[in-house]
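The values are calculated or read from the model by the stated rules, or taken from the named source; none is laboratory data. Computed from a predicted structure; not experimentally measured. Here the Cβ positions follow ideal geometry from the backbone for every residue, glycine too, while neighbour counts run over all protein chains shown.
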Amino acid sequence: MNTLRSLMSATLLALAFAAPSVRAADETPNPWKFEFHGWVTASMYYQDQAFAIGQGQGLLYSAPTTANLAGGSCTPAGACANPKSASLLSGDIRNSRFAFSMAGPKVFSGAAQPRAYLEFDLFGPNGAGAFGSEQNLPRIRVAIVELKLGNTNIQVGQQNQLVVTQIPGSLAHIANPVSYGAGTIAWRTPGVRVTQTIPLDSMKLELAAEAVKNKWSNEVANALTGGATTPAGIGLGEASGMPMFQARAMLDGKAGPVTFNAYLVGIYQSLDLNGFGDGQALPAWAAGKTSASGTTFEVGGKLVFAPVALSGNYYSGKLTGNMLGSLLVFGDVKDSGYWVQLAGNITKELSLNIDYGAATPDKADMRRIAGNATRLANNFVGGMLKYQDGGYALGVEYWQYTTTYSTSATTSTDTSAMQVIATAGYFF
């Protein structure tokens with residue numbers, strides 16, 4: 001009897017342990033997958049002058065403000081001799097970024113995987129009132145719906161243009177890379193993108209093409225745009241009835257101990273200089289033309305021979321103002337720029353990168369479109385020492401910018417701005 005009782009107890013115990021496994025096998029896996037990623041970065045910084053796109057985690061180029069000039073009322077910068085020294089100490093958290101994604105059940109008879117992705121940061125306008133700079137408003141960066149069919153990916157929505165493939169390393173300047181206005185052109189625009197991945201043994205070739213909103217600034221109050229305001233703020237690019245086209249070929253691979261990436265980007269866009277509707281004034285730089293078109297190319301890449309990496313890119317083209325090129329002068333400016341970075345890991349956690357970049361638009365074009373008080377060139381030099389363990393990172397960065405301003409049809413002067421910025425960040 002005892003033996004029978006023991007046998008029955010053992011059988012019941014085995015069934016109890018087996019039941020959850022049977023139930024688990026019968027259950028259908030949840031087809032929904034939600035992810036939340038991003039980072040929070042907080043910086044304290046010292047600057048000896050002002051920058052054009054906000055201080056701290058902003059940058060772009062050295063601004064010809066009163067802080068940069070003697071006398072306090074000189075426009076352009078070269079109207080004053082003996083630049084005035086100044087300094088400021090402050091903090092910034094606007095670089096923090098948050099991203100949400102949701103993937104659901106497969107569609108089209110199970111052949112395609114859909115996904116939605118939403119990303120924002122805190123680089124929107126300051127809040128209202130005396131404490132507005134501590135109440136930064138969120139800014140939408142990316143909002144796309146995606147459909148992945150094998151090696152083909154279709155994305156619809158707003159995202160970073162194909163021309164921004166890589167940026168210099170920084171903890172403080174991810175949203176606004178240090179090479180904006182000095183070697184990097186790009187923006188975020190709504191559109192449609194198709195990407196095809198082609199495996200090639202030890203390499204991978206990615207081909208991508210997109211048609212995106214053809215944005216162009218027409219604010220008549222801004223002397224650097226040279227254009228007239230059109231109804232409802234419709235830009236000259238949108239009025240052309242054509243999108244901006246971008247295409248990119250990118251190759252990733254490995255040759256022995258060297259890992260490499262190389263890419264080539266081509267861009268085409270057109271403008272209707274008559275604008276949208278009747279009776280609009282032609283831009284001052286139109287010179288009798290009613291339309292304009294521009295092509296731009298970019299080439300770049302990265303070589304990694306651990307623990308050292310060399311990366312950079314070069315671009316050249318026309319009508320780049322809507323991608324933060326030509327130092328934000330909107331017109332048919334011939335423009336070029338580049339940046340290069342040498343980086344290395346001192347230990348697994350400790351790394352160092354040194355960077356240089358420059359924007360060199362055509363000076364005659366810049367003066368023709370924006371007058372004799374415009375920006376003519378911009379360059380930066382600097383780097384970062386970073387310690388990162390897992391998702392937590394600490395970094396100290398130094399950046400020096402020199403911006404050339406026109407003072408007449410034939411003369412110019414330089415203004416400079418320096419920043420030392422320390423940042424703590426957590427990436428998740």
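So the values come out like this:
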item	result
Answer from G321, G325 - the residue that is under 19 Å from G371 (Cα atoms), crowded, with 16+ Cβ neighbours inside 10 Å and touching a helix residue (DSSP H, G or I) at 6+ places or on another chain (Cβ under 7 Å)	G321
Breaking point among (1) surrounded by fewer than 24 Cβ atoms within 10 Å (Cβ to Cβ); (2) touching a Gly at 6+ places or on another chain (Cβ under 7 Å), for L271	(1)
Among the candidates G191, G183, residue that is more than 25 Å from D252 (Cα to Cα), at pLDDT 95 or above and surrounded by 15 or more Cβ atoms within 10 Å (Cβ to Cβ)	G191
Pick from region 396-420, criterion under 23 Å from the mean Cα position of the chain (by Cα) and surrounded by 23 or more Cβ atoms within 10 Å (Cβ to Cβ), ranking: nearest to L328 (Cα to Cα)	T403
Residues satisfying the stated conditions in region 118-139, i.e. closer than 23 Å to G58 by Cβ, of a type outside the set (D, E) and either more than 20 Å from the chain's Cα centre (by Cα) or not in a loop (DSSP other than H, G, I, E, B) (or both)	F120, N126, G127, A128, G129, A130, F131, G132, S133, Q135, R139
Among (1) at pLDDT 95 or above; (2) under 19 Å from the mean Cα position of the chain (by Cα), the one test that A175 misses	(1)
Residue selected from region 51-102 under the condition among the aliphatic types (A, V, I, L, M) and under 22 Å from the mean Cα position of the chain (by Cα), by the criterion modelled with the highest pLDDT	A99
Inter-residue pairs, beta-carbon under 6 Å, first within 30 Å of G391 (Cβ to Cβ) and in region 93-113, second among the hydroxyl-bearing types (S, T, Y), 6+ apart	N95/T41; S96/T41; S101/Y117
Residue within region 359-375 that is buried (at least 23 other Cβ atoms within 10 Å of the Cβ), over 20 Å from the mean Cα position of the chain (by Cα) and part of a strand (DSSP E or B) present	yes
Qualifying residue in region 241-248 (condition: at pLDDT 95 or above and over 23 Å from Y315 (Cβ atoms))	no
Any chance Q341 is farther than 24 Å from P64 by Cβ and not hydroxyl-bearing (S, T, Y)	yes
Test set (1) in a strand (DSSP E or B); (2) more than 30 Å from N345 (Cα to Cα) - A284 fails condition number	(1)
Filter pass, W399 being at pLDDT 95 or above, touching an Asp or Glu at 6+ places or on another chain (Cβ under 7 Å) and of a type in the set (F, W, Y)	no
Some residue of region 357-365 being modelled with pLDDT under 95, under 30 Å from T189 (Cα atoms) and β-branched (V, I, T)	no
Residue satisfying condition, being under 16 Å from the mean Cα position of the chain (by Cα) and hydrophobic (A, V, I, L, M, F, W, C), within set L319, L303, L310, L327	L327
Residue among T290, T347, T296 that is out of contact with any Cys (no Cβ under 8 Å at 6 or more places or on another chain), more than 16 Å from L236 (Cβ to Cβ) and surrounded by fewer than 15 Cβ atoms within 10 Å (Cβ to Cβ)	T347
Selected residue (criterion: nearest to E397 (Cα to Cα)) from residues of region 18-49 that are at pLDDT below 90 and among the β-branched types (V, I, T)	T28
Residue within region 357-380 that is within 19 Å of M44 (Cα to Cα) and among the aliphatic types (A, V, I, L, M) present	no
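Residues checked against (1) assigned to a loop (DSSP other than H, G, I, E, B); (2) closer than 30 Å to A358 by Cα:
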{"residue": "R141", "(1), (2)": "no, yes"}
{"residue": "I144", "(1), (2)": "no, no"}
{"residue": "T165", "(1), (2)": "yes, yes"}
{"residue": "P177", "(1), (2)": "yes, yes"}
{"residue": "T189", "(1), (2)": "no, yes"}
{"residue": "I198", "(1), (2)": "no, no"}
{"residue": "L207", "(1), (2)": "no, yes"}
{"residue": "N214", "(1), (2)": "yes, yes"}
